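Structure first, commentary second.
The values are calculated or read from the model by the stated rules, or taken from the named source; none is laboratory data. Note that the structure is predicted; figures quoted are calculated from it, not measured. All Cβ positions, glycine included, derive from the backbone under ideal geometry; neighbour counts span all protein chains shown. Surface accessibility is based on the protein's heavy atoms, side chains included, excluding ligands, DNA and RNA. Shrake-Rupley method; radii C 1.70, N 1.55, O 1.52, S 1.80 Å.
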Amino acid sequence: MSIRDVYIVDAVRTPIGKFGGALSSVRPDDLAAHVVKALVDRTPDLDPARIDDVCFGDANGAGEDNRDVARMAVLLAGLPTSVPGVTVNRLCGSGLEAVIQAARAIALGDASVAIAGGVESMSRAPWVLQKPERAFPAGHQQLHSTTLGWRMTNPRMPAEWTVSLGEGAELVADKHGITREQQDAFALASHQKAAAAWGKGLYDGEVVPYGDVDLARDECIRDTTSIEALAKLKPSFRREGGTVTAGNASPLNDGAAALLLVDEEGLRETGREPLARVRASAVTGIEPQLFGLGPVEAVRRALGKSGRSFDDLTTFELNEAFAAQSLGCLAEWPELDPEIVNPRGGAIAIGHPLGASGARLAGSVAHQLAAAGSGTGLAALCIGVGQGLALVLER
């Protein structure tokens, strides 16, 4: 069986909204439908009935996104009911996992045209109540927030595995001797690069604002922040000697992203030039408390599969869950030129709507390669509970 080439024809995303911000009134299934419809509308030569599958990542899935949000997006976007949809969950890597799964289906000939993406509304993530162990309990019951992190944890899990995400970032900082000052400088650069990219119009062809919501660009970018302002913030997870703050970590966010993937036949039907071609991917595991270093081995494996090296990379989108974990990964890739990492800003400034982030990264890499005209790009994320995921694209 021959493996088919897989092309990314287009990639779109919403502006990323802050927690409780401009997109908090929008259901996650509506956010997903919006980016799906935008992709279809931007490719008028493609018959929507030709879409073989829609694959979406969604990390929480406990609220309005609970019943296969990919299929809900298909229906709400007005696509033919013959178009199926599947939702996947690899936590923070869910959106990238969706892209990889769709690309794999096309490569193997199971599909010719697919949409892949991700969505998350952390603002609208509900509280959940477990059923009692026995009927008619007399005492109070506990509600669990599904916004982020561990909940209803299995007591058999070792305590060192179930530390908070922020404490995990502190452990990475400990491991690599990363200072508070280094983290704040990294965060400031993220905001500066994101603000500059928006100012230059680099996101104009990628971002599709949602309806009549007043949000034209990513809501968490702070154009005027400074090292002095970041230095005033208190540590969020360790009272004594802590280095991770709200300023050098990604915020809580809402948003959606989607990509159109095709084989050669599908490409002809779109009548468009592709942004990039899928080259290789890899997923790896690591100790759960060191989740922030998850991308280290995944990136190396993906590059190895692609026959490429760090020297071949034109651009690298690394999800900035925390400045500490990003810097920890960079410390373990001494061959990598840090200047090509997140050239248009990262998640500390842009935001990290869990299930959508991986698709945002892949789409950004594809658009950057198209703008450059040629090159090799990479998208990678750390994943809670100890995983890493990476995708290599080329043009």
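Quick look at the values:
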quantity: Filter result for PHE136 (of a type in the set (Phe, Trp, Tyr) and under 22 Å from ALA282 (Cβ atoms)); calculated: no
quantity: Residue within segment 31-52 that is buried (at least 24 other Cβ atoms within 10 Å of the Cβ), basic (Lys, Arg) and under 17 Å from GLU206 (Cβ atoms) present; calculated: no
quantity: Residue tally, condition polar (S, T, N, Q) and open to solvent by 10 Å² or more (accessible area, probe 1.4 Å), over segment 249-267; calculated: 1
quantity: Test: residue in segment 265-277 that is small (Gly, Ala, Ser) and under 16 Å from the mean Cα position of the chain (by Cα); calculated: no
quantity: Long-range neighbours under 7 Å by Cβ, at least six apart or interchain, first residue closer than 13 Å to GLY118 by Cα and without any contact (Cβ under 8 Å) to a residue 60 or more places away in the chain within segment 31-46, second in a helix (DSSP H, G or I) and open to solvent by 30 Å² or more (accessible area, probe 1.4 Å); calculated: ALA33/LEU76
quantity: Any hit, segment 288-302, residues being under 23 Å from ASN89 (Cα atoms), in contact with a Lys or Arg (Cβ under 9 Å, 6 or more places away or on another chain), part of a helix (DSSP H, G or I) and small (Gly, Ala, Ser); calculated: yes
quantity: Selection status of ARG67, crowded, with 24+ Cβ neighbours inside 10 Å and either free of Cβ contacts under 8 Å to residues at least 24 places away in the same chain or touching an Asp or Glu at 6+ places or on another chain (Cβ under 8 Å) (or both); calculated: no
quantity: Of all residues in segment 78-111 being open to solvent by 10 Å² or more (accessible area, probe 1.4 Å) and hydroxyl-bearing (Ser, Thr, Tyr), the one that is nearest to VAL278 (Cα to Cα); calculated: THR87
quantity: Residue among LEU259, LEU290 that is under 18 Å from the mean Cα position of the chain (by Cα) and not charged (D, E, K, R); calculated: LEU259
quantity: Residue count for segment 193-235, restricted to those that are farther than 23 Å from ALA356 by Cβ and either open to solvent by less than 70 Å² (accessible area, probe 1.4 Å) or not charged (D, E, K, R) (or both); calculated: 10
quantity: Qualifying position, being at pLDDT 95 or above, farther than 30 Å from GLY241 by Cα and of a type outside the set (Phe, Trp, Tyr), among GLY201, GLY211; calculated: GLY201
quantity: Those residues of segment 145-163 which are touching a residue at least 40 places away in the same chain (Cβ under 8 Å), among the aliphatic types (A, V, I, L, M) and more than 11 Å from ALA125 (Cβ to Cβ), in sequence order; calculated: VAL163
quantity: Condition broken by ALA246, with the remaining ones in (1) surrounded by 20 or more Cβ atoms within 10 Å (Cβ to Cβ); (2) assigned to a loop (DSSP other than H, G, I, E, B); (3) within 21 Å of the chain's Cα centre (by Cα) satisfied; calculated: (1)
quantity: Positions within segment 239-265 being more than 21 Å from THR147 (Cβ to Cβ) and in contact with a helix residue (DSSP H, G or I) (Cβ under 7 Å, 6 or more places away or on another chain), in sequence order; calculated: GLY242, THR243, ALA258, LEU259, LEU260, LEU261, VAL262, ASP263
quantity: In segment 140-177, the residues that are farther than 20 Å from CYS92 by Cβ and open to solvent by less than 50 Å² (accessible area, probe 1.4 Å); calculated: PRO158
